[in-house]
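The values are calculated or read from the model by the stated rules, or taken from the named source; none is laboratory data. Keep in mind it's a predicted model, so treat the numbers as computed, not measured. No Cβ is skipped: glycine too gets one built from the backbone with ideal geometry, and neighbour counts run over all protein chains shown.
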Amino acid sequence: MTSPDSAAVPAVRHLAANPRGRDFVASDLHGCHGALVRALDAVRFDPATGDRLLLAGDLIDRGAQSLECLRLLREPWVYACLGNHEAMLLTWLGRRESDWHDAQEFTDNGGAWAEALLESATRRDLEEFAELATLVEQLPLVLMVDDTDMPFNVAHTDLFPLLRKLRAADGTPQSLQASLGRLGPLPCTRADAALWSRKLAYEADRCCAQCPPARLAGDHLMVSDTPYEAGLALTYVGHTPTPALRLHRSRLFIDRGAVYADAAGSSWRLALLEHGKVARAISSLFPRSRVELHADAQHRQELADKDWDLHTRPQACLDRGVPHVDLRGGFSA
């Protein structure tokens with residue numbers, strides 16, 4: 001049997017700047033392939049002109065088109081990172097183990113589509129599924145893009161446990177991005193701690209609540225009193241559905257709950273963001289040189305972070321239903 005630490009998760013994939021086309025970012029498709037196609041059509045997405053699509057994990061589960069979303073991994077213009085739902089799929093398939101979830105949690109959290117597919121699969125179906133699972137195994141935790149105007153990262157979550165450890169080991173906040181870029185493959189236990197993190201999602205909910213909203217890409221943008229974290233590039237993250245885009249400690253939370261968009265009166269939708277426009281808007285609204293965390297603020301941040309348990313998965317991480325943020329009690333369905 002595979003142990004949680006015998007398999008390694010790629011930490012980082014580096015992407016060069018995209019001088020020819022545009023870079024678009026989305027997260028948490030959760031099987032909503034049709035919604036993605038419509039969003040791409042609306043912006044006239046064209047791989048032939050160099051456009052790229054970067055996906056912040058959780059392509060699968062809950063929606064009706066999980067297989068179609070997995071097939072996106074074959075496209076040369078698609079770059080994705082690992083989400084906790086992809087990690088659960090690999091555990092369910094027996095390709096890895098985890099201290100943070102078991103095989104049953106995959107089917108309990110929207111993975112029944114895979115069970116149904118394999119029950120009636122032809123040999124060709126099985127071969128395709130095995131090919132796609134191998135592509136999932138190769139997904140990194142983080143995409144790091146060397147954009148000319150504003151370098152950026154794409155990750156499924158805030159990566160808080162991972163980055164806290166890097167910051168503590170290095171001691172120089174300004175080098176956080178470089179330290180992240182040097183990471184090699186990680187054991188599953190360490191990767192899963194990062195994949196389930198919602199620590200900064202809680203913080204963002206609290207810190208953004210008192211701030212007047214701005215507008216970004218036709219959506220509401222809530223910005224905390226600490227928009228940037230020293231040494232860390234803008235990082236697009238998903239994992240936690242949010243009623244508005246939120247910028248906190250260099251993380252831009254972009255999961256707008258695409259899989260819940262069909263509910264009557266729902267404001268949930270798929271957010272598809274063009275990085276070039278996001279970079280210009282954020283730089284204009286919140287110049288980094290004016291709001292970068294200083295040493296005393298960094299120290300206060302470390303004190304606030306120190307009690308976060310890196311190894312114990314909170315019960316709040318169970319991923320069922322539409323999460324409602326309750327800062328005193330975690331998530332409830």
> When you look at residue 28, is it in contact (Cβ under 8 Å) with a residue 40 or more places away in the chain and more than 19 Å from residue 129 (Cα to Cα), yes or no?
Replying inline: yes
> Across the stretch 60-97, what is the total count of residues that are closer than 15 Å to residue 131 by Cβ and basic (Lys, Arg)?
Replying inline: 3
> With the stretch 229-275 as the region, which strands (runs of 3 or more DSSP E) entirely inside it contain at least 3 residues that are in contact (Cβ under 8 Å) with a residue 60 or more places away in the chain and closer than 12 Å to residue 154 by Cα?
Replying inline: 234-237
>> Given the options 105, 97, name the one that is surrounded by 18 or more Cβ atoms within 10 Å (Cβ to Cβ), part of a loop (DSSP other than H, G, I, E, B) and over 19 Å from the mean Cα position of the chain (by Cα).
In response: 97
>> Restricting to the stretch 108-130, give me the number of residues that are surrounded by 13 or more Cβ atoms within 10 Å (Cβ to Cβ), of a type in the set (D, E, K, R) and over 22 Å from the mean Cα position of the chain (by Cα).
In response: 2
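For (1) in contact (Cβ under 8 Å) with a residue 12 or more places away in the chain; (2) under 14 Å from residue 31 (Cα atoms), each residue gets a yes or a no:
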residue: 75; (1), (2): yes, no
residue: 87; (1), (2): yes, no
residue: 99; (1), (2): yes, no
residue: 112; (1), (2): no, yes
residue: 125; (1), (2): no, no
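Answer yes or no as to whether residue 192 is among the acidic types (Asp, Glu), in contact with a Lys or Arg (Cβ under 9 Å, 6 or more places away or on another chain) and crowded, with 20+ Cβ neighbours inside 10 Å. Can you show your working first?
Working: among the acidic types (Asp, Glu): yes; in contact with a Lys or Arg (Cβ under 9 Å, 6 or more places away or on another chain): yes; crowded, with 20+ Cβ neighbours inside 10 Å: yes.
Answer is yes for this residue.
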>> Anything in the stretch 122-145 that is out of contact with any strand residue (DSSP E or B) (no Cβ under 7 Å at 6 or more places or on another chain) and under 17 Å from residue 14 (Cβ atoms)? List them, or say none.
In response: 138
>> Checking the structure you have, find out if any residue of the stretch 192-203 is acidic (Asp, Glu) and without any contact (Cβ under 8 Å) to a residue 40 or more places away in the chain.
In response: no
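Which ones in the stretch 237-282 are among the acidic types (Asp, Glu) and surrounded by fewer than 22 Cβ atoms within 10 Å (Cβ to Cβ)?
262, 274
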>> For the stretch 8-48: of the residues being over 21 Å from the mean Cα position of the chain (by Cα) and at pLDDT below 95, which is farthest from residue 235 (Cα to Cα)?
In response: 20
> Of the residues 155, 133, 103, 169, which is in contact (Cβ under 8 Å) with a residue 12 or more places away in the chain and more than 25 Å from residue 78 (Cβ to Cβ)?
Replying inline: 103
>> For the stretch 200-224, give me each residue that is charged (D, E, K, R), assigned to a helix (DSSP H, G or I) and either closer than 24 Å to residue 274 by Cβ or in contact with a Leu (Cβ under 7 Å, 6 or more places away or on another chain) (or both).
In response: 205, 206
